[in-house]
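Novice: Handing you this structure, nothing more for now.
The values are calculated or read from the model by the stated rules, or taken from the named source; none is laboratory data. Note that the coordinates shown come from a computational prediction; the quantities given were computed from them, not determined experimentally. Quick reminder, even Gly has a Cβ in these numbers, built from the backbone with ideal geometry, and neighbours come from all protein chains shown.
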Amino acid sequence: MMNPALTIPRVSAMLCLLLTMITASECALAQEAKTASEKTRFIDNSLLIAPEYPCTWPTYPFPRFQLSHQRTIGPDCAYNIDTIFIDGNTGTQLDVPPHSVTRPDLNRPKSGPLGLAYTDKIEPWQFGGEACVVDVRDLLDQAPKGVSPLVTPEHIKRFEASHRPLRFGDVVLFRSDYSDKYYRPFPEGSRFIADVVDRKAPGYPDPDPDCMEFLATRGVMTLGTDSASMGPMPNLAEPTHYAGLRHGMIWTEGATNLGALPDTGAFYCMLGPKHQGGPYSEGRAFSIVGGDLPKRLIDAAKNKRAIDLSPTLAPNLPVTSPGITTGQHRQVYLKVDFLYAEYLDLWHHGHLMDAMAGTHLVPPSFALPPEGKNPEYAPEVRGWLKDFEQKYGPRGFSSLTTEKIPLDWTCGPVRVIDVRSLVGTTDAKTWPASPPITSTLIKDFERKSSPLKAGDIVLFHTGHLDRHLKPLPNDSGVWIDPLSGKSEGWPAPNADAIIYLKSLGIRCVATDAPDLGGVDPRQALMTYWALGSREMVGVEFLHNVSQVPVGSYFLFAPLKIRDCHGGAGRAIVLN
């Protein structure tokens with residue numbers, strides 16, 4: 001029989017060991033949870049744009065969104081080329097002061113300098129900041145049909161009592177979960193806007209004018225709502241808009257997924273095409289949480305350390321390709337007026353444009369057919385494909401259209417590679433020709449600077465658009481002269497350079513030239529096949545790259561259009 005005096009210490013020792021193991025396990029789990037929370041993640045806060053969704057304002061005469069697959073990969077075209085007709089009140093959207101503030105020259109009661117602060121004039125720092133999520137879910141559906149429950153200063157004070165006072169640099173986001181609940185395909189989608197307008201359902205929660213005035217006292221310049229509009233129904237839309245916009249505020253309408261954000265601490269950003277003279281614009285909203293990156297970006301935006309890399313979109317600027325031969329031009333960028341606002345003395349307008357107008361995304365599906373499709377190329381292109389596959393392997397297939405591209409593919413630390421030394425290195429007798437950006441040049445950059453890393457955004461600085469982007473009639477230097485052989489083409493990476501970058505873990509390649517392909521159709525197609533077959537993306541048509549400081553962070557997001565083979569957007573850097 002065991003001595004009881006010896007048993008007790010032994011049991012105690014075993015208990016201590018067990019407790020130690022449990023404590024160690026708990027510490028490991030806690031560390032694992034901490035590590036997961038510290039990992040940087042991108043959160044999409046944008047609605048999907050597609051015809052069967054309530055993505056456009058439904059009242060007459062606002063136009064419906066249209067996506068046209070104008071050309072598909074086949075005998076007469078090696079690319080998938082899309083045209084879109086889109087109004088600024090589509091999907092997740094941006095409002096700026098001229099939506100309600102009139103131009104100063106009109107000398108009306110609501111006139112002022114901010115009446116000229118169109119979407120192409122907003123400073124890039126104002127697009128982002130620290131997300132402060134004001135929970136107003138208790139207001140959802142708590143109003144009569146056709147009427148919006150109101151967010152008041154008391155809701156803001158409630159947030160401040162639980163967290164901290166709001167301040168300049170914050171992005172106040174009103175979270176009601178309205179879009180999460182009601183943004184659905186038709187016929188259910190009528191509940192999102194149409195049923196409210198027709199007084200069949202309660203309105204979406206929105207701030208009243210007093211709330212906007214209160215936020216102005218805090219210095220808040222950027223807001224967002226997951227409602228369909230920042231304007232309470234039925235009669236406070238304009239008073240609320242003016243109450244905020246007269247202070248220079250901008251905001252997101254139609255945000256979504258705000259419940260995925262912490263109450264404070266996330267970096268929130270809203271980017272959209274840079275339309276000339278736009279009082280509002282379609283856009284892409286997203287947030288970054290976890291790790292040190294949000295704090296860094298918040299600080300940069302708050303201290304206005306931001307640079308806009310996107311040229312303005314305007315009908316008199318060469319923002320789309322005229323094609324190499326007759327009949328190969330892309331859809332020109334057109335402003336389409338549809339409703340005159342007498343008090344503002346401006347037309348509500350949309351745009352008919354190529355999906356790659358101005359600054360844009362190049363997804364893999366631009367140059368690759370979808371799985372199971374084997375297009376019949378033109379004989380010349382078949383020869384190019386044979387050469388490509390013999391050297392680089394299968395071209396492959398892709399269904400990665402724009403809306404499927406992860407946001408973290410097009411955002412990251414930017415590494416600017418200056419290739420301006422290549423300008424003027426081709427023989428005029430060989431034109432049309434573009435100086436090739438080779439893997440050797442990239443390796444030389446790495447030796448002189450530092451190695452490229454996975455996740456970097458590689459941005460080629462050619463200076464082409466800075467030199468040549470001019471309005472009509474002096475617009476031929478961007479596209480027409482290089483494509484026709486009257487001048488040298490812009491420097492462009494060849495397929496070897498793209499594949500070398502992929503070997504380093506690079507996912508996104510950008511350029512301040514019109515495109516990454518250059519003016520030689522064979523080289524261009526091989527470059528795009530190399531990008532697509534390696535599941536890489538491009539961002540094209542940037543400018544102002546010489547102003548980018550070393551160590552900057554690149555942010556680009558295309559419009560979230562379903563099944564689109566290109567993606568207009570805006571690029572900025574924060575530093």
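Novice: For L114, only one of the following conditions fails: (1) within 20 Å of the chain's Cα centre (by Cα); (2) outside any loop (DSSP other than H, G, I, E, B). What is its number?
Specialist: For L114, the exception is condition (1).
Novice: Can I ask one more? Pick from T325, T320: which is buried (at least 21 other Cβ atoms within 10 Å of the Cβ) and in a loop (DSSP other than H, G, I, E, B)? Before the answer, list the steps.
Specialist: On the way: T325 fails: buried (at least 21 other Cβ atoms within 10 Å of the Cβ).
Result of the check over T325, T320: T320.
Novice: While we're here: Which number in (1) touching a strand residue (DSSP E or B) at 6+ places or on another chain (Cβ under 6 Å); (2) farther than 30 Å from S68 by Cβ marks the one condition that K486 misses?
Specialist: Tallying (1) touching a strand residue (DSSP E or B) at 6+ places or on another chain (Cβ under 6 Å); (2) farther than 30 Å from S68 by Cβ, K486 fails exactly one: (1).
Novice: Is it the case, given these coordinates, that A378 is in contact with a Gly (Cβ under 9 Å, 6 or more places away or on another chain), surrounded by fewer than 18 Cβ atoms within 10 Å (Cβ to Cβ) and of a type in the set (G, A, S)?
Specialist: yes
Novice: Would you mind stating whether Y343 is touching a strand residue (DSSP E or B) at 6+ places or on another chain (Cβ under 7 Å) and exposed (fewer than 13 other Cβ atoms within 10 Å of the Cβ)? Explain how you work it out, then say what you get.
Specialist: Details: touching a strand residue (DSSP E or B) at 6+ places or on another chain (Cβ under 7 Å): yes; exposed (fewer than 13 other Cβ atoms within 10 Å of the Cβ): yes.
Against the criterion (touching a strand residue (DSSP E or B) at 6+ places or on another chain (Cβ under 7 Å) and exposed (fewer than 13 other Cβ atoms within 10 Å of the Cβ)), Y343 qualifies.
Novice: Now, a different point. Out of L309, L293, L261, L297, report the one residue that is closer than 15 Å to D44 by Cβ and either in the same structural domain as L116 (by TED's automatic domain parsing) or modelled with pLDDT of 95 or more (or both).
Specialist: That would be L261, the only listed residue that is closer than 15 Å to D44 by Cβ and either in the same structural domain as L116 (by TED's automatic domain parsing) or modelled with pLDDT of 95 or more (or both).
Novice: Test P363 against the criterion of being surrounded by fewer than 19 Cβ atoms within 10 Å (Cβ to Cβ), modelled with pLDDT of 95 or more, farther than 30 Å from N474 by Cα and in contact with a Ser or Thr (Cβ under 6 Å, 6 or more places away or on another chain), and give yes or no.
Specialist: no
Novice: How many residues are touching a Ser or Thr at 6+ places or on another chain (Cβ under 7 Å) and buried (at least 24 other Cβ atoms within 10 Å of the Cβ) when one looks only at region 180-210?
Specialist: 5
Novice: On the basis of being under 22 Å from H275 (Cβ atoms), touching a residue at least 60 places away in the same chain (Cβ under 8 Å) and surrounded by 18 or more Cβ atoms within 10 Å (Cβ to Cβ), does I86 make the cut? Reasoning before the result, please.
Specialist: On the way: under 22 Å from H275 (Cβ atoms): yes; touching a residue at least 60 places away in the same chain (Cβ under 8 Å): yes; surrounded by 18 or more Cβ atoms within 10 Å (Cβ to Cβ): yes.
So I86 passes the test.
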